[in-house]
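The values are calculated or read from the model by the stated rules, or taken from the named source; none is laboratory data. Nothing here was measured: the structure is a model prediction, and the numbers come from that model. Using ideal geometry, Cβ is built from the backbone for each residue, glycine included, and neighbour counts are taken over all protein chains shown.
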Amino acid sequence: MSDETPRFGLGTYEAGDTEWDHTDTVEAVDEFAVGRGSIENRPDEGAYDDELYLATDQRVLWRWDAGDEDWQPATGLGTETDPLPGTAHLESLEATSVNDVVYVDPDGGYDELQSTLDEYGDDPVTVVIRPGVVDDVADNLVVPGNTWLRGSGMFGTTVLKFADDASGDLSNAGLVRIKEDNVVLSDLEVDGNRANVEDTGDEYGFFSSAANNIRIERVWTHHCPGYGFDPHATAGVQTSQLTIRDCISSDNGLDGFTLAGLKNATLENCVGVDNDRHGANLTDVEGEDITVSNCVLARNGGDGLTVQVGVDGVSITGTSINGNANNGIRLGSSTGPAENVTITGNVVRENGEYGANLSRASNVSITDNVFEENVTERGNAEISVQENVDPSGFVSAIGNQLVVGDASFGFDERGGTGPSIVLGNVVRGTYSTAIRSSHDDSEVAANLTS
């Protein structure tokens, strides 16, 4: 052994009896291995240009710049409470770019945030808003394509809020507005400031317009005069490949979530509560292939979940729908039908009208759900197959638990609708007729009543 490497003190070896010299290997390990430890233990200077050191307490990877004789951030977002690495070099800047990650201080307000987004345009970038409140939003905050706009947390940590005088000043709908492809929005609270903002029709929390590949995660939108979330088609052009996950929409003047004219969209692990109209509204004729899974839709002033106006291809699974003023689930309306809908493994209970109101729907599968004591205010059945402009039909209800409270029927297929297959359901409670069918081709078999 002749020498030690400069970083880790690894021994280099000269050839011995075996004539095997692995000095090159040891030196390569010393140069390219990533050192790690606390920021306090980072060396004062690096041994090589581009040497890497992972500060584990910051979650930041540092790179030694031999030319500047300084450590530079290589990548990382910092800790949850301090997303910006805690160094004087970075804290002196209000907006710092680190490998296409830009940090913005909320104290700079709407103008600084929007100008930062505009500066990068549709170049790929992550814009991280530090903890704080941006409370002077008087126009749309427009997020360009290829951008991840990220806060530091959704419950009061990073807040975007309409200014008191925002009414009438909005150029278009939405506090946060997306109109280009490939955007991520996450870890934010959006406050519509409903008590101090006049409803002019544009005061929504989030709005997108015919944009593709959009992901929204961990965003709480509340107290907007209009919609909480409203991704939308424009002039017949769909918004496609959109995912809203782990989000909350509450206390808004219209729907919590409106998915209007979307294709291949997912609403997952979301909560829509205490909105004036529907918890979630899937609508517009362009809409197709939409999944709602593992959500909670409760205490809304209209329906828990509605599918209408020509939407085709919907899966509703694992969702709790309860305590809404009207229907738990409504399929179809006078303005258009719902087609090819699968309702599986949900709990629908104590809603004001029907558990499931098939108002104008076809090709509907209702399987392995619990419908319990709906019709607290109006209606007469846990599941009702009705006619609204066009009759509903081709319905299957299989393996459901129908617990009837104030309703007259567990399953009711009204005259002029159907056919339906009603098979293997359990109906119990204070009904007058467990299952009523009207179509000659309907099949009712193997249901249990008590």
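Just to be sure before I move on: is ASP165 closer than 20 Å to ALA265 by Cβ and acidic (Asp, Glu) in the structure I sent? Before you say what the answer is, go through the steps one by one.
On the way: closer than 20 Å to ALA265 by Cβ: no; acidic (Asp, Glu): yes.
For ASP165, the condition - closer than 20 Å to ALA265 by Cβ and acidic (Asp, Glu) - is not met.
Right, THR335: in contact (Cβ under 8 Å) with a residue 12 or more places away in the chain, of a type in the set (Ser, Thr, Tyr), farther than 27 Å from ASN275 by Cα and assigned by TED's automatic domain parsing to the domain that holds VAL271 or not? Please lay out each step first, then the result.
Details: in contact (Cβ under 8 Å) with a residue 12 or more places away in the chain: yes; of a type in the set (Ser, Thr, Tyr): yes; farther than 27 Å from ASN275 by Cα: no; assigned by TED's automatic domain parsing to the domain that holds VAL271: yes.
No, not satisfied.
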Original post:
Counting only residues that are surrounded by fewer than 24 Cβ atoms within 10 Å (Cβ to Cβ) and charged (D, E, K, R), which one in the stretch 231-267 is nearest to PHE162 (Cα to Cα)?
Top reply: ASP251
**OP:** Would you mind stating whether LEU149 is in contact with a strand residue (DSSP E or B) (Cβ under 6 Å, 6 or more places away or on another chain), outside the structural domain of ASP50 (by TED's automatic domain parsing), modelled with pLDDT of 95 or more and assigned to a helix (DSSP H, G or I)?
**Re:** no
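Just one of GLY410, GLY416, GLY393 is surrounded by fewer than 21 Cβ atoms within 10 Å (Cβ to Cβ) and of a type in the set (Gly, Ala, Ser); which is it? Spell out the reasoning first.
Numbers: GLY410 fails: surrounded by fewer than 21 Cβ atoms within 10 Å (Cβ to Cβ); GLY393 fails: surrounded by fewer than 21 Cβ atoms within 10 Å (Cβ to Cβ).
After ruling out the rest, the residue left standing is GLY416.
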**OP:** Any residue in the stretch 396-413 that's assigned to a loop (DSSP other than H, G, I, E, B): show its pairings with residues that are among the charged types (D, E, K, R) at Cβ separation under 6 Å, as long as the two are six or more apart or on different chains.
**Re:** GLY399/ASP368; GLY405/GLU373; ALA407/GLU382
**OP:** Tally the residues that are crowded, with 21+ Cβ neighbours inside 10 Å, assigned to a strand (DSSP E or B) and not charged (D, E, K, R), restricting the search to the stretch 367-387.
**Re:** 5
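VAL364 - would you say it is of a type in the set (A, V, I, L, M, F, W, C), in contact (Cβ under 8 Å) with a residue 12 or more places away in the chain, surrounded by 18 or more Cβ atoms within 10 Å (Cβ to Cβ) and not in a loop (DSSP other than H, G, I, E, B)? Walk me through how you get there before you give the answer.
Values: of a type in the set (A, V, I, L, M, F, W, C): yes; in contact (Cβ under 8 Å) with a residue 12 or more places away in the chain: yes; surrounded by 18 or more Cβ atoms within 10 Å (Cβ to Cβ): yes; not in a loop (DSSP other than H, G, I, E, B): yes.
Spelling it out, VAL364 is indeed of a type in the set (A, V, I, L, M, F, W, C), in contact (Cβ under 8 Å) with a residue 12 or more places away in the chain, surrounded by 18 or more Cβ atoms within 10 Å (Cβ to Cβ) and not in a loop (DSSP other than H, G, I, E, B).
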Original post:
Going through the stretch 157-184 one residue at a time, which ones are over 19 Å from the mean Cα position of the chain (by Cα), modelled with pLDDT of 90 or more and part of a loop (DSSP other than H, G, I, E, B)?
Top reply: ALA163, ASP164
Original post:
Pairs under 7 Å by beta carbon, first residue in the same structural domain as ASN140 (by TED's automatic domain parsing) and touching a residue at least 60 places away in the same chain (Cβ under 8 Å) in the stretch 189-201, partner of a type in the set (Gly, Ala, Ser) and in a loop (DSSP other than H, G, I, E, B), six or more apart or different chains?
Top reply: GLY192/GLY205
Subject >> ASN346 closer than 25 Å to GLY253 by Cβ and either surrounded by fewer than 24 Cβ atoms within 10 Å (Cβ to Cβ) or touching a residue at least 24 places away in the same chain (Cβ under 8 Å) (or both) >> reply: no
Original post:
Can you name the strands (runs of 3 or more DSSP E) wholly within the stretch 44-130 that have at least 3 residues being modelled with pLDDT of 85 or more and either in contact with a Gly (Cβ under 8 Å, 6 or more places away or on another chain) or polar (S, T, N, Q) (or both)?
Top reply: 125-129
**OP:** Go over the candidates SER249, SER334 one by one and state the one that is within 17 Å of the chain's Cα centre (by Cα) and small (Gly, Ala, Ser).
**Re:** SER249
Original post:
Limited to the stretch 343-381, what total is found for residues that are closer than 17 Å to THR319 by Cα, touching a Gly at 6+ places or on another chain (Cβ under 9 Å) and small (Gly, Ala, Ser)?
Top reply: 3
Original post:
Can you name the residue in the stretch 185-227 that is acidic (Asp, Glu) and part of a loop (DSSP other than H, G, I, E, B) and is also surrounded by the most Cβ atoms within 10 Å (Cβ to Cβ) among such residues?
Top reply: GLU203
**OP:** Keeping to the stretch 268-288, report how many residues are surrounded by fewer than 19 Cβ atoms within 10 Å (Cβ to Cβ) and charged (D, E, K, R).
**Re:** 3
Subject >> Meets criteria (assigned by TED's automatic domain parsing to the domain that holds ASN140, farther than 27 Å from GLY108 by Cβ, among the small types (Gly, Ala, Ser) and free of Cβ contacts under 8 Å to residues at least 60 places away in the same chain) for ALA163 >> reply: no
